[in-house]
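Report on the structure given below.
The values are calculated or read from the model by the stated rules, or taken from the named source; none is laboratory data. Model, not experiment: these values are computed from the prediction. Heads up, the Cβs are rebuilt from the backbone with ideal geometry, glycines too, and the neighbour counts pull from every protein chain shown.
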Amino acid sequence: MTTTLKPVDAVLVGFGWTGAIMGQQLADAGLSVLALERGPWRDTATDFATGFAQDELRYMWRHHLFQNVTDDTLTVRNHLDQEALPMRHLGSFLLGTGVGSGGVHWNGQIWRFLPSDFQTKSHNQQRYGAKAVSDYDLTVQDWGVTYDELEPHYDTFDKLCGTSGKAGNLNGQIQAGGNPFEGARANEYPTPPMTQTYGPTLFGQAAAELGHHPFPHPTGNLSQPYVNPLGAQLGKCTYCGFCEKFGCGNYSKASPQTTILPYLMAKPNFTLKTECEVLRVELSADRKRATGVTYVNSAGEEFFQPAEMVILSAYVLQNVRLLLLSGIGKPYDPKTGEGVVGKNYAYQTMSSVNVFFDDKLINPFIGAGALATVIDDFNGDNFDHSGLGFIGGAYVGGMVTGGRPIEMIYTPQGVPAWGLEWKQAAAKNYLRSFSFSIHGSCMSHRGNYLDLDPTYRDVHGRPMLRMTFDFTDNEHKMSDYVTDKAVEVAKAMNPREFKVNRRTGSWSVTPYQTTHNTGGAIMGDNPRDSVVNKFLQTWDVPNVFSLGSGAFPQNAGYNPTGTVAALAYHAAHEITTRYIKAPGPLVAA
Amino acid sequence: MGSAGAAAAAGIHDGELGAPPQTYTGKVPWQEGAADAPPAALGTDFRFFTPAERSFIEAAVNRLIPPDPAGPSAVEANVPFFLDRQLAGPFGRGDHYFLGGPWKKGAAEQGYQMRFSPAQLYRAAIKAVDDYAAANFHGAAFASLADADKDKLLKGLEAGTVQLGDGVDAKSFFAMLLQNTKEGYFSDPLYGGNKDMAAWKMIGFPGAHYDYSEWVTRHGEKVPYPTVGMKGRPGWSES
């Protein structure tokens, strides 16, 4: 039996970064807002206090804060001719759950995409010809929104987080010490960049010798105490080295808990319900309007929550699945290229280089989630791609996020994974090595997409999401090219030796890569090519909005959260200034 | 917090195992004594492995991380006890695995595809490896093989060239055993392995420190902090 509840103005499905951002904006506009979160409440003092936060086994390897796949996972395959099988254990990406979700256990790497990243198709076509954007069956698109439109919203997120960094481009003026390739910023970062430890410093010196443009990675691990516009206080990062995959016990990492919740939870017109999983969005008989959502709680009780507006603010994979399960938008068919929901699923193309020294104590345990010196010389279209045979790029970062010994012991080329040789190499190299990350874009491809699995079902009896994905030749060529550039930096550091970990073969669900899944609910300027308009409003059902990285038509060579947040603020601005006065399509189809 | 308090907290905490539905409005919730404290491995008794299985595990993990002057072997670091308690608990039951059907072999890129929970896999695989050893090494169980033969068999499991019976995928078992062995060797001593933090001392990891601020700019200097675990230094809690 389904119990019908009292209607609300807006229901949020999922309560991580985008849910908290949208919840605060809508509640401030006076709407009655209900957030439904499938996981538990989480706060710093209770769930990741400093007395027990530095626990590699429990958080990283036993997935204590991550989604438990026991009741619900997805199926995976590399190509259409393969049978998809369930991801039985987390690996390649570490999905979040609970209040704050991935915003609790992210690294705090806060990037803006390049202006040209928002025009992947038209920009590359104009500079390199039509073939550049259609080779390898690429299906790249423009976003339908520009960097200039998003800049104020990137700025809002920086101020919310207190982002630590150095501007490289202030209102068109290139600034020493920042990223000279970035789009123009209206304002300097709210707090100065983190002080760099030894490894990132060596990387920066070597990169500069080669004529590159190193700068400190912009971070949500704060360089100094900060009070944000909502009155939330963040502390100075202590470099404990337990950031990614962990919650911060020190209130030093920007998260929904440290930046928004103290303000939002106090508002009388905002309510959060935990342990409540939305099964589907309910539509009117003509399927042009959502009437609310049906959800089931951890007691097994089912409810219909009527709402004037439904905001999908879960992770990309759940948002796309809910669109498919609810019949919102036409599902994508990779054989015909017709349809849009599930189209252009993309990821991140990662490789690395490990450097080993005899004479330098790197002390990798002194780390932070976004502690890195970075070069952006080979990202996006910051370099001439003529004759290279690929589009896109990667940043290269000399990063020390920590020295957690189960995960992060680097051993030289040729050392086996176990036995005496491994043990002695681990003992010799742990303190004297670190890694460069080559963090690459992933273009969209005709055969990479999301749909509903025909076989496997979750605990509620719903079809699981099916992911069909592999890296294309475009990604392999890009990754090899930028990895070669990273090797040049490694050589310039004059280490005893280095080891190159290239991106080879097909995508595998097992080794951790990144939790940067994108696409499937892509944005654009018309309903034939996209699921949502520039304000993340679904073309087919105008009172349903789909937030998050699902909107990315392809993925750029940066961590996604900054852009995810900017898109959410951009949508919230339009909803609060235009939509709530006159509900309906915000862009003419 | 005393052990009674810790037990109470474990009982009421709304962590990952599923909590009652809650509604929050008007304030940030707070519950006294509800810290989500880690589940320590108490006692010294073995609860999962049979004596024969324990012999196998001790022999196998000591080839993965053998004794030498650089630092402890896996057995010296108490990895078998760690594995026993992990397999007797939620991890062994597959609490973070999806184990529903149908079950098909799949491609390597599709990852773990067996129906076994980790505890079931260890139980089946130890028997299957001992059966293989008996059939191929003159009737001996794995634990009584010469080191070179143990290594040969382990390498065969790692590469997938050794075919095991009882539905055990050799590569998947080896990957899990190696991963869990490194976990027991390098995780906080709270979980029963990494005895005396000797594996951390071997590599130079100072443990669960909270603040390295004053060392950020002291490039290349040795950090003199004593090794520390979540229970504190051995000198505080175990002397």
*Check on A:His570, out of contact with any strand residue (DSSP E or B) (no Cβ under 7 Å at 6 or more places or on another chain) and over 21 Å from A:Asp28 (Cα atoms)*: no
*Pairs, please: C-beta under 7 Å, at least 6 apart or cross-chain, first residue within 22 Å of A:Thr259 (Cα to Cα) and in region A:1-18, second in a strand (DSSP E or B) and among the small types (Gly, Ala, Ser)?*
A:Ala10/A:Ala307; A:Val11/A:Gly292; A:Val11/A:Ala307; A:Leu12/A:Ala35; A:Phe15/A:Ala35; A:Gly16/A:Gly96
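Yes/no matrix, rows are residues, columns are (1) basic (Lys, Arg); (2) touching a Phe, Trp or Tyr at 6+ places or on another chain (Cβ under 9 Å); (3) over 22 Å from B:Pro66 (Cα atoms); (4) surrounded by fewer than 17 Cβ atoms within 10 Å (Cβ to Cβ):
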| position | (1), (2), (3), (4) |
| --- | --- |
| B:Gln110 | no, no, yes, no |
| B:Phe116 | no, yes, yes, no |
| B:Ala125 | no, yes, no, no |
| B:Val129 | no, yes, no, no |
| B:Tyr132 | no, yes, yes, no |
| B:Phe137 | no, no, no, no |
| B:Ala140 | no, no, no, yes |
| B:Ala148 | no, no, no, yes |
| B:Leu153 | no, yes, no, no |
_Just to confirm my filter: which helices (runs of 4 or more DSSP H) fall fully inside region B:1-115 and include at least 1 residues that are at pLDDT below 95?_
B:3-12
_Residue satisfying all of: in region A:466-498; of a type outside the set (Asp, Glu), touching a Phe, Trp or Tyr at 6+ places or on another chain (Cβ under 7 Å) and part of a strand (DSSP E or B); surrounded by the most Cβ atoms within 10 Å (Cβ to Cβ) among these_ = A:Met467
*Which of the residues that make up region A:376-430 are hydroxyl-bearing (Ser, Thr, Tyr) and more than 14 Å from chain B (Cβ to nearest Cβ)?*
A:Ser386, A:Tyr395
*How many residues does region B:95-143 contain that are within 30 Å of A:Arg466 (Cα to Cα) and of a type in the set (Lys, Arg)?*
3
*Breaking point among (1) among the hydroxyl-bearing types (Ser, Thr, Tyr); (2) farther than 26 Å from A:Trp111 by Cα; (3) surrounded by fewer than 23 Cβ atoms within 10 Å (Cβ to Cβ), for A:Tyr430*: (3)
*State the number of residues belonging to region B:169-191 that are buried (at least 24 other Cβ atoms within 10 Å of the Cβ) and part of a loop (DSSP other than H, G, I, E, B).*
2
*Consider B:Val216 against the criteria (1) among the hydrophobic types (A, V, I, L, M, F, W, C); (2) touching a residue at least 24 places away in the same chain (Cβ under 8 Å); (3) within 11 Å of another protein chain (Cβ to nearest Cβ); (4) farther than 25 Å from A:Thr411 by Cβ: it satisfies all of them except one. Which criterion is unmet?*
(2)
*Sort out which residues of region B:188-213 are charged (D, E, K, R) and more than 7 Å from chain A (Cβ to nearest Cβ), and write them in order of number.*
B:Lys195, B:Asp196, B:Lys201
_On the basis of being at pLDDT 95 or above, closer than 23 Å to A:Ile366 by Cβ and charged (D, E, K, R), does B:Lys155 make the cut?_
no
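Name the residues in region A:7-58 that are in a loop (DSSP other than H, G, I, E, B) and of a type in the set (Ser, Thr, Tyr), would you?
A:Ser32, A:Thr50
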*A:Ser352 fails exactly one of the following numbered conditions: (1) under 30 Å from A:Pro542 (Cα atoms); (2) out of contact with any Pro (no Cβ under 8 Å at 6 or more places or on another chain); (3) of a type outside the set (Phe, Trp, Tyr); (4) surrounded by fewer than 24 Cβ atoms within 10 Å (Cβ to Cβ). What is the number of that condition?*
(1)
*asked:* Anything in region A:196-240 that is free of Cβ contacts under 8 Å to residues at least 60 places away in the same chain, assigned to a loop (DSSP other than H, G, I, E, B) and in contact with a strand residue (DSSP E or B) (Cβ under 6 Å, 6 or more places away or on another chain)? List them, or say none.
replied: A:Ser223
*Restricting to region A:355-409, what's the tally of residues that are buried (at least 24 other Cβ atoms within 10 Å of the Cβ) and either of a type in the set (Ser, Thr, Tyr) or modelled with pLDDT under 95 (or both)?*
3
*Tell me, yes or no, whether region A:502-509 has at least one residue that is within 23 Å of the chain's Cα centre (by Cα), part of a strand (DSSP E or B), within 14 Å of chain B (Cβ to nearest Cβ) and modelled with pLDDT of 95 or more.*
no
*Hey, can you tell me all the residues within region A:237-246 that are at the interface with another protein chain (Cβ under 10 Å from one of its Cβ atoms) and crowded, with 24+ Cβ neighbours inside 10 Å?*
A:Cys237, A:Tyr239, A:Cys240, A:Gly241, A:Phe242
*Give the residue that is surrounded by the fewest Cβ atoms within 10 Å (Cβ to Cβ), with candidates limited to residues of region A:77-111 that are outside any loop (DSSP other than H, G, I, E, B) and within 11 Å of chain B (Cβ to nearest Cβ).*
A:Arg77
*Hey, B:Gly94 within 12 Å of chain A (Cβ to nearest Cβ), surrounded by fewer than 24 Cβ atoms within 10 Å (Cβ to Cβ), in contact (Cβ under 8 Å) with a residue 40 or more places away in the chain and of a type in the set (Gly, Ala, Ser) or not*: no
*Filter region A:275-305 for residues that are closer than 17 Å to A:Ser32 by Cα and of a type outside the set (Gly, Ala, Ser); which is farthest from the other protein chains (Cβ to nearest Cβ)?*
A:Thr291
*Out of all the residues in region A:134-148, is one or more under 25 Å from A:Ala571 (Cβ atoms) and either more than 24 Å from the chain's Cα centre (by Cα) or assigned to a helix (DSSP H, G or I) (or both)?*
yes
*Counting only residues that are crowded, with 19+ Cβ neighbours inside 10 Å and among the β-branched types (Val, Ile, Thr), which one in region A:1-47 is nearest to the other protein chains (Cβ to nearest Cβ)?*
A:Thr46
*When both residues are 6+ apart or on different chains and their Cβ atoms are under 7 Å apart, which pairs have a first residue that lies in region A:45-56 and is more than 16 Å from A:Gly369 (Cβ to Cβ), and a second that is assigned to a helix (DSSP H, G or I) and β-branched (Val, Ile, Thr)?*
none
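Quick test for you: out of A:Ala492, A:Ala486, pick the one residue that is among the small types (Gly, Ala, Ser) and closer than 21 Å to A:Met408 by Cβ.
A:Ala486
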*Is it the case that A:Thr238 is farther than 24 Å from A:Thr73 by Cα and in contact with an Asp or Glu (Cβ under 6 Å, 6 or more places away or on another chain)?*
yes
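Each row is one residue, and each column tells you yes or no for (1) of a type outside the set (Asp, Glu); (2) within 14 Å of chain A (Cβ to nearest Cβ); (3) over 18 Å from A:Ala417 (Cβ atoms).
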{"position": "B:Tyr122", "(1), (2), (3)": "yes, no, yes"}
{"position": "B:Ile126", "(1), (2), (3)": "yes, no, yes"}
{"position": "B:Leu154", "(1), (2), (3)": "yes, yes, no"}
{"position": "B:Ala170", "(1), (2), (3)": "yes, no, no"}
